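Before any comments, here is the structure.
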Amino acid sequence: MNRHFSDARYYFRRGFEHLYDGLTEETEPLRRRLMEMLGREEAEEAGPQTPRERVERGAREAATQGRQAVRKVRRRVR
């Protein structure tokens with residue numbers, strides 16, 4: 001029974017990932033037009049190119065967010 005739940009969770013997550021990717025792709029022209037109308041230039045995407053670099057960047061961002069959350073909690077406790 002537990003296997004069925006983990007399988008369902010996997011496919012549910014994958015479905016939402018595909019939904020997010022599809023919506024992002026479909027709304028890209030609208031986003032570009034809006035940015036153009038607002039007079040904002042798009043920054044060149046100098047992001048990581050390889051999956052390894054993406055994972056490393058995600059790990060750094062997660063660590064930063066974790067440290068910020070700990071600071072926030074410590075301030076509240078004081």
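Coordinate-derived values only; no laboratory data. All values reported here derive from a predicted model rather than from experimental measurement. A quick note on method: Cβ atoms are made from the backbone with ideal geometry, for glycine too, and the neighbour counts reach across all protein chains shown.
Computed from backbone phi, the HN-Hα couplings of the stretch 30-35 come to 5, 5, 4, 4, 4, 4 Hz, rounded to whole numbers (Karplus: 6.51 cos²θ - 1.76 cosθ + 1.60, θ = phi - 60°; Gly and Pro given as x).
Is there a quick way to get the dipole size of the chain? I mean about its Cα centre, with the Cβ of Lys and Arg at +1 and of Asp and Glu at -1; what is the value in debye to the nearest 20?
That gives a dipole near 1100 debye.
Couplings 3J(HN,Hα) of the stretch 58-70, computed from phi: x, 5, 5, 5, 5, 5, 4, 5, x, 5, 5, 5, 5 Hz, in residue order, whole Hz [Karplus 6.51 cos²θ - 1.76 cosθ + 1.60, θ = phi - 60°; x for Gly and Pro]. The label point for ARG78 and the one for ASP21, both projected 7 Å from the Cα toward the Cβ, are 4.5 nm apart. Estimated purely from DSSP H runs of n ≥ 4, each contributing -39500 (n - 2.57), the mean residue ellipticity at 222 nm for the chain is -30000 deg cm²/dmol once divided by its residues.
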